[in-house]
1. Pick from region 55-91 the residues that are loosely packed, with under 11 Cβ neighbours inside 10 Å and part of a helix (DSSP H, G or I): which of them is modelled with the lowest pLDDT?
2. Which one is farthest from residue 44 (Cα to Cα) among residues in region 92-107 that are at pLDDT 50 or above and part of a loop (DSSP other than H, G, I, E, B)?
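The values are calculated or read from the model by the stated rules, or taken from the named source; none is laboratory data. Just so it is clear, the structure is predicted and the values come from calculations on it, not from any experiment. Here the Cβ positions follow ideal geometry from the backbone for every residue, glycine too, while neighbour counts run over all protein chains shown.
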C-alpha cells in the first residue's frame, strides 16, 4: 500500500500535494501523508508540511472536544508534532490558510476549522 501511495503522490502536481492523501482517502492521516511527502523530497520545513500539521492539530483538538485553539496553543502543538520551532512563521501561515478558508479566525484570535459543523463554532 505504501508503494501505491508514493506513486499516487508522485502523480500529483508538486510533491506537496501528498498531504491531499489525508483528506482524499479514508484511513490515511497526517502521519502517513507526511511519510510519503518526505520520501518524495518535500522539505521538512516547507509551508505545505506546516499547514498540513496545523490542520491535523486543529482536527485532533476537535476530537478531544475543544472548540478552538489559541495561536499559542496551536504553535506549541505544531512545534511538538513536527519537532521543530516555527519561530515567527505561524502568523503568516495562519493568514494564508485563512484566505484559503481553513482555518477560520474568530475576532478573539482563536482558530477553528470551517468544516467542523454547521455553526462553525468548533475546531
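1. 63
2. Taking region 92-107 as the starting set, the residues that turn out to be at pLDDT 50 or above are 92-106.
Applying the additional criterion that residues be part of a loop (DSSP other than H, G, I, E, B) yields 100-103, 106.
Values: 100: 22, 101: 24, 102: 21, 103: 22, 106: 29 Å.
Once the filter is applied, the top-ranked residue is 106.
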